[in-house]
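One structure is given here, and the rest of the page talks about it.
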Amino acid sequence: MSSALTKPASGTARPPRHFLDIKDHDAATLRRILDTASAWTRAAHPRPLAGRTLALIFGKPSTRTRVSFEVAMRQLGGDVIVLSGNDMQLGRGESIADTARVMSRYVDAIMLRTDRVAKMEEMAAHAAVPVINGLTERSHPCQVLADIMTFEQHLGPIAGQKIAWVGDANNVARSWIEAAAILGFTMSLATPSDYAPPRDLLAWAAKAGAKIETTRDPAEAVAGARCVLTDVWVSMADEDADRRRAALSPYQVNTALMQAAAADAIFMHCLPAHRGEEVAAEVIDGPQSVVWDEAENRLHVQKAILAWVLRAI
């Protein structure tokens, strides 16, 4: 039986440990998750989640998020239920709040991948179990922790380093900005004016003491950077595909742009990638690319996040 069914009476239970955004956590917590993920890649890890059940709820398609979370939970000894909106009464009008209340009686944690951050926030507000952000239009924290883990595997501690983002300042880029504020590295972003980071996020980062640089020039952004990142120009919810491609075409990460970065710079992309658009094939398939390590590290970071939200580390 799920331990969610045997929680203490209302008012005595500890509040759930959600993992919704990087900015919600201090450096010690992020380092605990990253260090656990790293340690578990080098040695056999325990199975602390035996008897626990994770619900994966998908409002948007997924490859890496679904597979990495499902495998992660099973490797930690737990069970998984995978659901889409069409599998649930959510697809027929049941509220997110009521869904959260019901799911909290069945499972020990919920991972939600959705198109609106308001849905994530409503789920977390009404769930009595941890909720993990598997992606919203605003942020993608699990991806960025896997990216940071990958950087540190290849180039050592990220604190004090310069990381460059080229293209649309989308949900992944926004989580990178949050991480820069918490973990103490410089984030330099080259974007067209219409696809720049939100002003409120930049104001928050400045107040938090983050070193954030913004420019319209990709070469300026990557100069001296030890990691160059990008993402697709057109995402699943974007309806202005032609306009986006026209605005972002000068922001392709190609060999010439990588040569403007540090000599040992690595290239990362959260995938799926569109070769010939945001990244040239010779870059993503070349020697500086670490995208497959990055994809693998989603699994390791997911294990550590699950263990953290369920208080197993």
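Brief remarks on what is shown
So that you can scan it fast, the table gives a plain yes or no per residue for (1) in contact with a strand residue (DSSP E or B) (Cβ under 7 Å, 6 or more places away or on another chain); (2) over 30 Å from F58 (Cα atoms); (3) surrounded by fewer than 12 Cβ atoms within 10 Å (Cβ to Cβ):
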| position | (1), (2), (3) |
| --- | --- |
| S193 | no, yes, yes |
| R199 | no, no, yes |
| R216 | yes, yes, no |
| A223 | no, yes, no |
| R244 | no, no, no |
| S249 | no, yes, no |
| M258 | yes, yes, no |
| A262 | no, yes, no |
| A265 | yes, yes, no |
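- Test: I132 is in the same structural domain as A273 (by TED's automatic domain parsing), of a type outside the set (S, T, N, Q), crowded, with 16+ Cβ neighbours inside 10 Å and touching a residue at least 60 places away in the same chain (Cβ under 8 Å): no
- Region 195-208 residues that are free of Cβ contacts under 8 Å to residues at least 60 places away in the same chain, paired with ones that are buried (at least 17 other Cβ atoms within 10 Å of the Cβ) and among the acidic types (D, E) (beta carbon under 6 Å, 6 or more apart): Y195/D168
- Residue satisfying all of: in region 84-120; of a type in the set (G, A, S) and under 22 Å from T63 (Cα atoms); modelled with the highest pLDDT among these: A109
- Residue match in region 265-275 (condition: touching a His at 6+ places or on another chain (Cβ under 9 Å) and part of a loop (DSSP other than H, G, I, E, B)): yes
- Subset of region 116-143 [within 17 Å of E178 (Cβ to Cβ) and touching a helix residue (DSSP H, G or I) at 6+ places or on another chain (Cβ under 7 Å)]: I132, N133, G134, L135, T136, E137, R138, S139, H140, P141, C142, Q143
- Scanning region 36-45 for residues that are farther than 19 Å from N133 by Cβ and touching a residue at least 24 places away in the same chain (Cβ under 8 Å) gives S38, W40, T41, H45.
- Region 93-129, subset of a type in the set (D, E) and touching a Gly at 6+ places or on another chain (Cβ under 9 Å), residue surrounded by the most Cβ atoms within 10 Å (Cβ to Cβ): D108
- When residues in region 136-174 are screened for being in contact with a Leu (Cβ under 9 Å, 6 or more places away or on another chain) and in a strand (DSSP E or B), 4 of them pass.
- Residues that are at positive phi and surrounded by 22 or more Cβ atoms within 10 Å (Cβ to Cβ) do occur in region 165-186, at least one of them.
- Residues that are farther than 21 Å from T191 by Cβ and not in a helix (DSSP H, G or I) within region 276-304 comprise D285, G286, P287, Q288, S289, V290, listed in sequence order.
- Hits in region 225-242 - residues which are small (G, A, S) and surrounded by 14 or more Cβ atoms within 10 Å (Cβ to Cβ): A225, S235
- Neighbours by Cβ (under 6 Å, 6+ apart or cross-chain): first from region 176-191, closer than 11 Å to W204 by Cβ; second crowded, with 24+ Cβ neighbours inside 10 Å: I177/M187; E178/I22
The values are calculated or read from the model by the stated rules, or taken from the named source; none is laboratory data. Keep in mind it's a predicted model, so treat the numbers as computed, not measured. Here the Cβ is made from the backbone with ideal geometry for all residues, glycine too, and neighbour counts use every protein chain on show.
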